[in-house]
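The values are calculated or read from the model by the stated rules, or taken from the named source; none is laboratory data. Predicted model, so just to flag it, every value in this text is computed and none were measured. Glycine also receives a Cβ, built like all others from the backbone with ideal geometry; neighbour counts cover every protein chain displayed. SASA here: full protein model, heavy atoms, side chains in, ligands and nucleic acids out. Shrake-Rupley method; radii C 1.70, N 1.55, O 1.52, S 1.80 Å.
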Amino acid sequence: QVQLMESGGGLVQAGGSLRLSCAASGSIFRINDMAWYRQAPGKQRELVARITSVGSTNYADSVKGRFTISRDNAKNTVYLQMNSLNPEDTAGYYCHADTIERVGIGTMRRDYWGQGTQVTVSS
C-alpha cells in the first residue's frame, strides 16, 4: 500500500498565496507522474497540474502563470505553489500519484489519491 498525505490548504484572501504539499509513503518502488486535481462543489474533478518523474509539467489554462508544480523525488513529495489566488480557485485539492508499488517479490502499477485539502479564497 501507498499513502498520500496532503498539507498546506487553508483560507486566504484574493491575491494571496498558498503552497500545498503531498508526501507519498509506503511500499514504493517508483513514482511516475504526480498531479494535483481540484473539485469545487457541484463540479467535476479537474486536473490542475501534472509533473512527470523527470520534471516535465503541464497546467490547466486557468492556472497557467499563477501556479507552479514541483517535486522532490528523494522525498517522494510533490508541491503546488499557488499565487494570485482568486475565489474561483476555491475547491478541495487532491494529490494523485501513478505509482509502481512493491507487492511481494514483484511490483504492480497502481493509482493513488490523497484525502484532499481544502483551499478557500475570499474576495
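Averaged per residue, the chain has 53 square angstrom of accessible surface, using a 1.4 angstrom probe with ligands and nucleic acids left out.
Across LEU80, LEU47, LEU11, mean-square fluctuation computed from a Gaussian network of the chain (C-alpha pairs under 10 Å connected) peaks at LEU11.
In the distance distribution for the chain, Cα-Cα pairs more than 24 Å apart total 25 percent.
Which residue fluctuates most in the GNM of the chain (Cα springs below 10 Å): GLY55, GLY104, GLY15? Ranking GLY55, GLY104, GLY15 by mean-square fluctuation puts GLY104 first. Accessible surface of region 3-66, 1.4 Å probe: 49 percent of it comes from carbon and sulfur atoms.
For region 1-103, trypsin sites (Lys or Arg not before Pro) meeting the loop criterion (DSSP other than H, G, I, E, B) and having at most 13 other Cβ atoms within 10 Å: LYS43, LYS64.
So what is the diffusion coefficient of region 1-70 in µm² per second by Stokes-Einstein at 4 °C and 1.567 mPa s, using a Kirkwood Rh over Cα pairs?
My calculation gives 94 µm²/s for D.
Our estimate of slack between THR57 and ALA40, defined as 0.36 nm per intervening residue step minus the Cα-Cα distance, is 3.8 nm.
Determine, from the Cβ-Cβ distance of ILE100 and SER123 and an R0 of 30 Å, the FRET efficiency 1/(1 + (r/R0)^6), rounded to the nearest 0.05.
0.10
Roughly how many whole Å is it from the C-alpha centroid of region 24-53 to that of region 73-94? Taking the Cα centre of region 73-94 as reference, the centre of region 24-53 is 10 Å away. A simple spin-label model places pseudo-atoms 7 Å from Cα toward Cβ; at GLN81 and MET108 they are separated by 3.8 nm.
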